[in-house]
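Enquirer: Have a look at this one.
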Amino acid sequence: MNKLAVGEFAVTELLKHHLDNAIKVIVKSNKEKEKYTKYKVPVFVNEKLINKLVKKEDIYAIAEFTPFVTKLNKNKTHILINNLDDEGELGTILRTMVAFSYFDIALINCKVDLLSNKLIRASTGAIFMVNFETFKNKNEYLKKYRTKVIEFINKNAPLSLEVGASLSKL
């Protein structure tokens, strides 16, 4: 099932980082249409449709895209999040990661839809800038990756922050 990126920033980040997954962009006016023509994706003006899909007046662009899968970069530090179940929290984590130039996140036992509208909005498009993979448990992650990690555990468990540590020592 296709997904939607709502808002100009989210649409722009989708087009910058996952253009091949973009199906079309819908904008409110010809002024906004000009912003997206350089991406070589169909752009349509349809203010009524945007107003029907999104109740906020300050939304000027929506993009439809096919879901995508990313892989973690084996040569980069990974952020590990365990037992996360809140899309808003994950959006905040993703924005913070990008602000500090981390772009790989491993989600262990994650219970959120990684391309939901709520997460895309909460991340303000950062979801399109990061590589993410999901794992059932830490052992599954360890079988695939041996790299430097920063690990966070959910709010109901102690926080473990070991920058530059090997997961095999945790």
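Enquirer: For the stretch 142-149, state whether one or more residues are within 16 Å of the chain's Cα centre (by Cα) and open to solvent by less than 10 Å² (accessible area, probe 1.4 Å). First the steps, then the outcome.
Expert: Pass one, the stretch 142-149, residues within 16 Å of the chain's Cα centre (by Cα): none.
The answer is no, given that none of the residues of the stretch 142-149 is within 16 Å of the chain's Cα centre (by Cα) and open to solvent by less than 10 Å² (accessible area, probe 1.4 Å).
Enquirer: Then there's this: State the number of residues belonging to the stretch 78-114 that are buried (at least 19 other Cβ atoms within 10 Å of the Cβ) and touching a strand residue (DSSP E or B) at 6+ places or on another chain (Cβ under 8 Å).
Expert: Going through the stretch 78-114 one residue at a time, the tally reaches 18.
Enquirer: Only residues that are surrounded by fewer than 19 Cβ atoms within 10 Å (Cβ to Cβ), under 26 Å from THR70 (Cβ atoms) and in contact (Cβ under 8 Å) with a residue 12 or more places away in the chain: list them for the stretch 22-40, please.
Expert: ILE23, LYS24, LYS35, TYR39, LYS40
Enquirer: At pLDDT 95 or above, of a type in the set (A, V, I, L, M, F, W, C) and surrounded by 12 or more Cβ atoms within 10 Å (Cβ to Cβ): does that describe VAL11? Step through it out loud before you land on a result.
Expert: Values: at pLDDT 95 or above: yes; of a type in the set (A, V, I, L, M, F, W, C): yes; surrounded by 12 or more Cβ atoms within 10 Å (Cβ to Cβ): yes.
So VAL11 passes the test.
Enquirer: Further question: Considering the stretch 8-32 alone, what residues qualify as being more than 14 Å from the chain's Cα centre (by Cα) and within 17 Å of LEU53 (Cβ to Cβ)?
Expert: The answer is GLU8, ALA22, ILE23, LYS24, VAL25, ILE26, VAL27, LYS28, SER29, GLU32.
Enquirer: Let me ask something else. Quick one: which residue in LYS136, LYS169 is more than 23 Å from ARG95 (Cβ to Cβ), modelled with pLDDT of 55 or more and charged (D, E, K, R)? Lay out the reasoning, then the answer.
Expert: Numbers: LYS169 fails: modelled with pLDDT of 55 or more.
The conditions single out LYS136.
Enquirer: Write out, first by first residue and then by second, each pair whose Cβ atoms fall under 6 Å of each other, whose residues are 6+ apart or on separate chains, and whose first residue, in the stretch 103-129, is in contact (Cβ under 8 Å) with a residue 60 or more places away in the chain while the second is assigned to a loop (DSSP other than H, G, I, E, B) and open to solvent by 20 Å² or more (accessible area, probe 1.4 Å).
Expert: These pairs meet every condition: LEU115/PRO67; PHE128/HIS18.
Enquirer: With the checklist (1) part of a helix (DSSP H, G or I); (2) open to solvent by 20 Å² or more (accessible area, probe 1.4 Å) in hand, flag the one item PHE44 doesn't pass.
Expert: Only one criterion in (1) part of a helix (DSSP H, G or I); (2) open to solvent by 20 Å² or more (accessible area, probe 1.4 Å) is unmet by PHE44, namely (1).
Enquirer: Here's another thing I want to ask about it. I need the full set of residues from the stretch 116-129 which are surrounded by fewer than 20 Cβ atoms within 10 Å (Cβ to Cβ) and either among the small types (Gly, Ala, Ser) or in a loop (DSSP other than H, G, I, E, B) (or both), in order please.
Expert: Matches in the stretch 116-129: SER116, THR124, MET129.
Enquirer: Check ASN117, ASN131 and return the single one that is modelled with pLDDT of 95 or more and closer than 25 Å to ASP20 by Cα. Write out each step before concluding.
Expert: Working: ASN117 fails: modelled with pLDDT of 95 or more.
Answer to the selection: ASN131.
The values are calculated or read from the model by the stated rules, or taken from the named source; none is laboratory data. What you see is a predicted model; the values in this text were computed from it and never measured. All Cβ positions, even for glycine, are placed from backbone atoms using ideal geometry, and neighbour counts span all protein chains on display. We work out accessible area using only protein heavy atoms, side chains counted, and drop any ligands, DNA or RNA first. Shrake-Rupley method; radii C 1.70, N 1.55, O 1.52, S 1.80 Å.
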